[in-house]
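Student: Sharing a structure with you now.
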Amino acid sequence: MTQDLLRAISCADDYDPDSMSVEKARRFIRDFLEPVRTRESLAIRAALGRVLAEDVRSPCNVPNHDNSAMDGYALNADDLAASGATTLHIVGTAFAGKAFADAVGAGECVRIMTGAVMPQGCDTVVIQEHAQFKDGNITFGEGVRRGQNLRYAGEDLKRGQTVFAAGHLVRPADLGLIASLGIAEIKVWRKLRVAFFSTGDELASIGEPLAEGQVYDSNRYTLYGMLTRLGVEIVDMGVVRDDPALLEQALKDAAACADVILTSGGVSVGEADYMKQLLNQLGQVVFWKIAMKPGRPLAYGKIGNAHYFGLPGNPVSVMVTFYQFVRDALLVLMGQPDPAPVQQFQAMCGGNIKKAPGRTEFQRGILSANSDGKLKVEPIGNQGSGVLRSMSEANCFIVLPEPCGNVAAGEMVNVQLLSGFV
Ligand code: AMP
Ligand code: MG
């Protein structure tokens, strides 16, 4: 599907590139995302962090047999006296992986271990603590329920059941679950390729001495970290000077090899003019002033078949815009049709926050639980968009919606855990 991105966006009702809400920008971007469509078969371990290209169905029941959930004695509840104690004769032992081979008759029971297949003729397990052994016989008290302490065949998964639908992101528990079905290989979408570079005449790369007025390029490192956690293939293109010819070449190279291009810097007022010109020669890119803080300027578009995100230069803005826009977009492109939004929950704010209505703010905070178990979040002192230390110290964003004004200590605020982003 090719769409005229610029036309589609400018035709939208109340489209205002100078005051784009976070939600609206997300929706616009969402409409242009076409997931990768190449499948590959991988050994399950290699599929961690990948998105399933096909449903995974259970080829068997899990567990495969009725088995005991506890160490104890297997018996038939029909043998238990209606009232008072019952004594049964013990005829053998069932181990996990080594069943009791014979049928169990009336008046008999079997010692059974956790995970052992239920012997034929038994329907109930009594834990060993509730039984007394004497001279080859076991005495059971009252109150035994038929079927207790049993795990039934297919209780976890039934044969033929869809265990995971296509589009599911494979996590550690899923690897175990797929292994429990005896499945060795699964079909996943190929890895997404993301090329990125930093722009700026003031940037030095680590290993170089820092001349006056220069800063070390940190954005490529935070981007490396966030992209690696998402499990995409990365193409790190280094630092590109603010020179239209060099930028043009870098963007062309990136578009030729990647599904997604990320740049940082060069989209703020003053620098955006020649970037705009350049990007409009190469593709279709819109420049937004998002109603958010930090992360106001953001460019999005297509260069050839590649999606382009022009992130702001400030190090905190890069991370916030990545987490709020790029992450979801990458998950969609990776084949997840509906990525679960990062959970927001409420915590009591531990300090006063100054905020003007009109922008969504993503303040950095430290979330902890009080002694009474209630969540409390402390905003970090310096919220400057260049202060990367605030991201390192924080464990969450305090999300203050557009209409919200000042927040007083003691009020409830929404938070998003940073660990929820990966
Ligand atoms: P820009 O958006 O290019 O105007 O950059 C805004 C601010 O972010 C400036 O102070 C830049 O020096 C800084 N900055 C831009 N790119 C990087 C980078 N890759 N690493 C660290 N700081 C950067
Ligand atoms: Mg710059």
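Student: Give the residues of segment 307-341 that are of a type in the set (S, T, N, Q) and more than 16 Å from ligand 2 (Cβ to nearest atom), sorted by residue number. Full working, then the answer.
Tutor: Filtering segment 307-341 down to residues of a type in the set (S, T, N, Q) leaves 314, 317, 321, 324, 336.
The answer is Q324, Q336.
Residue-by-condition table, conditions (1) farther than 30 Å from Y308 by Cα; (2) free of Cβ contacts under 8 Å to residues at least 24 places away in the same chain; (3) open to solvent by 50 Å² or more (accessible area, probe 1.4 Å):
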| site | (1), (2), (3) |
| --- | --- |
| F164 | yes, no, no |
| G167 | no, no, no |
| P172 | yes, no, yes |
| G182 | yes, no, yes |
| W189 | no, no, no |
| A195 | no, no, no |
| S198 | no, no, no |
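Student: Scan segment 204-249 residue by residue and report those that are near ligand 1 (Cβ under 10 Å from one of its atoms), more than 22 Å from V422 (Cα to Cα) and either touching a residue at least 60 places away in the same chain (Cβ under 8 Å) or open to solvent by 80 Å² or more (accessible area, probe 1.4 Å) (or both).
Tutor: Keep residues of segment 204-249 that are near ligand 1 (Cβ under 10 Å from one of its atoms), which gives 204-205, 213-223, 239, 242.
Then keep just the ones that are more than 22 Å from V422 (Cα to Cα); that gives 204-205, 213-217, 239, 242.
Within segment 204-249, just Y216 meets the criteria.
Student: Sort out which residues of segment 75-133 are open to solvent by 60 Å² or more (accessible area, probe 1.4 Å) and closer than 17 Å to G143 by Cα, and write them in order of number.
Tutor: Matches in segment 75-133: D78, A82, S83, A85, T87, Q128, E129, H130, Q132.
Student: Sticking with this structure for a sec: Please go through segment 324-349 and pick out each residue that is within 20 Å of T263 (Cα to Cα) and either in a strand (DSSP E or B) or open to solvent by less than 30 Å² (accessible area, probe 1.4 Å) (or both). Walk me through how you get there before you give the answer.
Tutor: Start the filter on segment 324-349 by keeping residues that are within 20 Å of T263 (Cα to Cα), which leaves 324-334.
If the condition is that a residue be within 20 Å of T263 (Cα to Cα) and either in a strand (DSSP E or B) or open to solvent by less than 30 Å² (accessible area, probe 1.4 Å) (or both), then Q324, F325, V326, R327, A329, L330, L331, V332, L333, M334 are the ones that fit.
Student: Are there any pairs, at least 6 apart or on different chains, whose C-beta atoms fall under 9 Å, with the first in segment 305-319 and open to solvent by 30 Å² or more (accessible area, probe 1.4 Å) and the second among the hydroxyl-bearing types (S, T, Y), and if so, which?
Tutor: Qualifying pairs under 9 Å: G313/S198; G313/T199; G313/S264; G313/S268; N314/S264; N314/S268; N314/S385.
Student: Follow-up. Return the total of residues in segment 104-138 being part of a loop (DSSP other than H, G, I, E, B), free of Cβ contacts under 8 Å to residues at least 24 places away in the same chain and more than 48 Å from the chain's Cα centre (by Cα). Let's see the steps before the verdict.
Tutor: Initially, segment 104-138 is screened for residues part of a loop (DSSP other than H, G, I, E, B), giving 104-107, 113-116, 118-123, 135-136.
Subset that is free of Cβ contacts under 8 Å to residues at least 24 places away in the same chain: 105, 120, 135.
Of the ones still in play, those that are also more than 48 Å from the chain's Cα centre (by Cα) are 105, 135.
Adding up the residues that qualify gives 2.
The values are calculated or read from the model by the stated rules, or taken from the named source; none is laboratory data. Since we're looking at a predicted model, the values are computed, not measured. Heads up, the Cβs are rebuilt from the backbone with ideal geometry, glycines too, and the neighbour counts pull from every protein chain shown. Ligands, DNA and RNA are stripped out before the accessible areas are found, and what is left, the full protein with its side chains, is counted by its heavy atoms. Shrake-Rupley method; radii C 1.70, N 1.55, O 1.52, S 1.80 Å.
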